[in-house]
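Peer 1: Okay, handing you the structure first.
The values are calculated or read from the model by the stated rules, or taken from the named source; none is laboratory data. Since the structure is predicted, the reported quantities are computational estimates derived from the model, not experimental observations. All Cβ positions, glycine included, derive from the backbone under ideal geometry; neighbour counts span all protein chains shown.
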Amino acid sequence: MNAIEIKSHLIAKLKQEKCFWSYDASSIQDVPDDMLVEMVMLYLDVDDIDLLFKILPYKKVKKYWMENVVLQGDIYYEMNVFFAWFYFHAKDPKRYVKALETRLLNKRLVA
């Protein structure tokens with residue numbers, strides 16, 4: 001599959017999961033990369049997350065994860081620890097996620 005087919009596949013799976021319930025159906029095909037990373041990481045499985053790395057550079061996936069998924073709160077803490085360990089190779093994933101949360105929240109408060 002090429003990048004366009006992978007993105008279409010991921011969007012179709014997200015539609016099946018009803019992740020776009022609040023969006024106009026005509027705008028769903030044009031999902032920005034940051035939103036795609038967030039939705040796939042939150043609602044799809046590891047095989048689908050792996051596909052993100054086939055269509056986007058590692059640094060972009062990590063950036064969008066940090067900006068959009070890490071700050072989702074305690075409900076996703078364990079999942080973020082897994083992502084930090086499995087995808088982003090953090091040596092101490094629990095500490096890494098907590099430090100990211102703190103740094104990102106402080107950054108938003110200052111802005």
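Peer 1: Which condition number in (1) among the small types (G, A, S); (2) surrounded by 15 or more Cβ atoms within 10 Å (Cβ to Cβ); (3) assigned to a helix (DSSP H, G or I) is the one that A99 fails?
Peer 2: In the conditions (1) among the small types (G, A, S); (2) surrounded by 15 or more Cβ atoms within 10 Å (Cβ to Cβ); (3) assigned to a helix (DSSP H, G or I), A99 misses (2) alone.
Peer 1: Taking region 59-92, which residues are of a type in the set (F, W, Y) and either in a loop (DSSP other than H, G, I, E, B) or over 12 Å from the mean Cα position of the chain (by Cα) (or both)? Full working, then the answer.
Peer 2: Pass one, region 59-92, residues of a type in the set (F, W, Y): 64-65, 76-77, 82-83, 85-88.
Matches in region 59-92: Y77, F82, W85, F86, Y87, F88.
Peer 1: Also: Among the residues of region 8-30 satisfying the criterion of being closer than 16 Å to D48 by Cα and aliphatic (A, V, I, L, M), which is modelled with the highest pLDDT?
Peer 2: Step by step, filter region 8-30, then rank; the result is L10.
Peer 1: Working carefully through the options L36, L44, L51, find the one that is touching a His at 6+ places or on another chain (Cβ under 9 Å) and either at pLDDT 95 or above or buried (at least 18 other Cβ atoms within 10 Å of the Cβ) (or both).
Peer 2: Residue meeting the stated conditions: L51.
Peer 1: Just one of Y58, Y64, Y87 is within 24 Å of H9 (Cβ to Cβ), surrounded by fewer than 18 Cβ atoms within 10 Å (Cβ to Cβ) and at pLDDT 95 or above; which is it?
Peer 2: Values: Y64 fails: surrounded by fewer than 18 Cβ atoms within 10 Å (Cβ to Cβ); Y87 fails: surrounded by fewer than 18 Cβ atoms within 10 Å (Cβ to Cβ).
Being within 24 Å of H9 (Cβ to Cβ), surrounded by fewer than 18 Cβ atoms within 10 Å (Cβ to Cβ) and at pLDDT 95 or above holds for just one of Y58, Y64, Y87, which is Y58.
Peer 1: Would you please list the contacts, defined by Cβ atoms under 7 Å and residues six or more apart or on different chains, that run from a residue in region 2-14 that is closer than 12 Å to M39 by Cα to a residue that is of a type in the set (F, W, Y)?
Peer 2: Going by the 7 Å Cβ cut-off, the qualifying pairs are L14/F20; L14/Y43.
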